[in-house]
Amino acid sequence: MSVTLGSVSVWWLPVCLLAGLLYAWLMYWQPVTLSKHLRYGLFALRALAVTLLAVLLLSPLIKSTSYQPQKPLVLVAQDNSQSINLFSAKGDIAGVNMGLKGLKAKLGDDYDVRFFTFDKLLNEGDLVNYKGSQTNIAGALQQLNSRFANQNIGALILATDGLSNLGSDPQYEAPNLKTSIYTIALGDTTPRRDLLIGNISYNKTAFLGNDFEVELLAEAYQSKGEQMRLTITEDGAQVSAQSIAITSGAFKKVIPLKLNADKKGIRKFTFSLAPLANELSVQNNTEAIYIEVLDASQKVLLVYDSPHPDIGVIKQGISANRNFEVKAVQADELGNVAPADYSMLILYQLSANSYNKVKQLTAGRTPIWFVGGTQADAQALNAAQNTVKLPAGGGQETQEVFAQPVPSFAAFTLTDSTLNKISKLPPLLATYGTYTANASSALLLKQRIGNVATNYPLLAFSDEGGRRIAVLAAQGLWRWQLAEYREFGSHAAVNELLSQTVQYLTVNSNRQRFRVYPSKNVFDEGENVLLNAELYNEALELVNTPDVKIDLKNNAGKNFSFLFTRSGQSYQLNAAALPVGDYTYQAITSLGKQQFKASGRLTVKQLNLEARQSTANHTLLKSIADKSGGQILLPSQIGKLADLIRKNDNIKTVVYEDKKYNDLVDLKWIFAVLMVLLTTEWFLRKREGQI
């Protein structure tokens, strides 16, 4: 502990002492009726008190230094996916489990050992059951790095077969940990006799009566000279079969297949390779896909005045949903358009004259999406809808506005990934001024101007007299599309926003009073099943006063019952992860004396990713270990792990120096000293009759 004056010069200390001596001298320099020794004593007491007070006025600081040792962290991450149990020797798995659990005792108290398991996600603890349906090695490394950032990570022990089917390449994430990585190589690198379906490429939707194509990647190992028998079934009934000659020891072939969408609804197509004698695993011989066969597509009419790159983006994004067909026409060419042919209108930056031309199209209850911007006539747009009011007036300036997602929006659901991307995309271009939304409007996006978050609506929805309305108050969607592809390599977020917007606007065009629908028709195994419900009163206004109950029944006869939760003016249900299978559902509610029912289907499909690869990727594990200064170990070498960690000079206890500064005036004993000095002086003067 030491005292420092901070920014004040140390030469002020003699000044403080001189001030104390001068003050005491002024009090006791004249002859008084005190003995010489008492005068000197009182002089010293007053000089010390005044000096101390003067020093306190300089605001001196007390510096205290402490040292905190931090033991090196040894992180143990075990692969908990199905491929470990399928393709690793049982003895190796048991040996690794025992060796890792005994590591903490072998290393002793000099190391802080933490255990984790991972498959799709990272979990704390050492409990493994090898039931994970996906493996994300890079994700586990990223989460460990984030969780223990700025801590003394001595080593990471990664026990896995190197087979990753989710996330990025682990080799790019491993260097971020900046620590030695010891990889335990599970699995078998020797190619074994095995047939498998490596991948299936297909569109998730098809139209009734049309043919659609599927590409299947068939693989065969150590089976040269054999015949591969491929069988395709639709909902259990065989629709096609063929034989493929295996011409090499490591055989791969992409097989194009043409199938027919002859039945409406969700159709299950199963692709199976007949097993061979002495085959390693038959679990990877079968894969199933689900195709939604649509009766007909809905038509969307996009009306514009002049060409703009946004128009192509809107068409592409909506057409990504095969259930919609977009036709774009200029306002001057509307003479040949039949309003009854279209389920929805998009009016893109129209002039006042063009709004007069679309009066026939907007006369009914067809949903409309208005798009504003710098070229739109704001007065005509405001007169055509009551959802959002744009700033109107001539000669107005423009401004750039960023999208700010509204967490409370509940009309429909966008994925977290899409919302996160949208918030990071470049700004759109809007007219400068004040924007207001109707009190009944639901805002999906607000405007953020620079770093200032506003309540101005950017994308809003409402229901006006039984017609669903959307208003986008700015232009520049082409910027979003280019930026998303540059940053993320796809148009997924922009396409999802456009597709979901159109789907929401058209989903209730038949004005059913009660409707229940899942967020999508096919869910992956382990994925949360999300459903939405809407209830309308006789005035076609959304209400959510009564309870909504739903029963989901799978093809095994098991029933799951839930109660919807209220969200905004509608309902939502998160049924969590349901078992694999095909489900039918029936929902029921009552409004007044009327009872409403709604039914439908959804599917939870099995993920068979872990069985697709049987040959362990030890090359990846060796690369990660070598580049990090660690080492790759076989299961039989697990006993060496503790010694390797102890002998690694980079794994050691780190001592952190912690410096703290406190004001000297905060010390209570300083005031005690002052009180003693002044009280003693006062007492002595009082006793001698000087007070």
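The values are calculated or read from the model by the stated rules, or taken from the named source; none is laboratory data. These numbers come from a predicted model, not from an experiment. Methodologically, a virtual Cβ is constructed for each residue, glycine included, from the backbone with ideal geometry; neighbour enumeration extends over all protein chains shown.
Here are the numbers for the structure shown:
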{"quantity": "Checklist (1) under 37 Å from the mean Cα position of the chain (by Cα); (2) crowded, with 16+ Cβ neighbours inside 10 Å; (3) hydrophobic (A, V, I, L, M, F, W, C) applied to VAL654, failing item", "calculated": "(2)"}
{"quantity": "Elements of type strands (runs of 3 or more DSSP E) in segment 448-527, at least 2 residues being among the hydroxyl-bearing types (Ser, Thr, Tyr)", "calculated": "452-464"}
{"quantity": "Filter result for GLU657 (over 29 Å from GLN70 (Cβ atoms) and among the acidic types (Asp, Glu))", "calculated": "no"}
{"quantity": "Lone qualifier among ALA237, ALA220 - being surrounded by 16 or more Cβ atoms within 10 Å (Cβ to Cβ) and not assigned by TED's automatic domain parsing to the domain that holds GLY600", "calculated": "ALA220"}
{"quantity": "Subset of segment 550-575 (residues that are exposed (fewer than 14 other Cβ atoms within 10 Å of the Cβ) and over 24 Å from PHE461 (Cβ atoms))", "calculated": "ASN555, ALA556, GLY557, LYS558, ASN559, SER561, LEU563"}
{"quantity": "Failed item in (1) out of contact with any Ser or Thr (no Cβ under 7 Å at 6 or more places or on another chain); (2) outside the structural domain of LYS131 (by TED's automatic domain parsing); (3) closer than 30 Å to GLY99 by Cα, with GLY639 passing the rest", "calculated": "(2)"}
{"quantity": "From LYS299, LYS315, residue being closer than 30 Å to GLN512 by Cβ, among the charged types (D, E, K, R) and in a helix (DSSP H, G or I)", "calculated": "LYS315"}
{"quantity": "Any hit, segment 609-616, residues being surrounded by fewer than 18 Cβ atoms within 10 Å (Cβ to Cβ) and either on the phi > 0 side of the Ramachandran plot or part of a loop (DSSP other than H, G, I, E, B) (or both)", "calculated": "no"}
{"quantity": "Sole exception among (1) surrounded by fewer than 22 Cβ atoms within 10 Å (Cβ to Cβ); (2) in contact with a Phe, Trp or Tyr (Cβ under 7 Å, 6 or more places away or on another chain) for ALA439, by number", "calculated": "(2)"}
{"quantity": "Only one of ALA218, ALA241 that is in a strand (DSSP E or B) and either charged (D, E, K, R) or under 22 Å from SER614 (Cα atoms) (or both)", "calculated": "ALA218"}
{"quantity": "Condition met for ALA453 (hydrophobic (A, V, I, L, M, F, W, C) and either buried (at least 22 other Cβ atoms within 10 Å of the Cβ) or in contact with a Ser or Thr (Cβ under 9 Å, 6 or more places away or on another chain) (or both))", "calculated": "no"}
{"quantity": "ALA376 in the same structural domain as GLN447 (by TED's automatic domain parsing), small (Gly, Ala, Ser) and under 36 Å from the mean Cα position of the chain (by Cα)", "calculated": "yes"}
{"quantity": "Cβ pairs under 8 Å, 6+ apart, first in segment 334-346 and outside the structural domain of GLN475 (by TED's automatic domain parsing) and aliphatic (A, V, I, L, M), second part of a loop (DSSP other than H, G, I, E, B) and modelled with pLDDT of 85 or more", "calculated": "none"}
{"quantity": "Exclusive hit being touching an Asp or Glu at 6+ places or on another chain (Cβ under 9 Å) and more than 30 Å from GLU279 (Cβ to Cβ), set PHE43, PHE116", "calculated": "PHE116"}
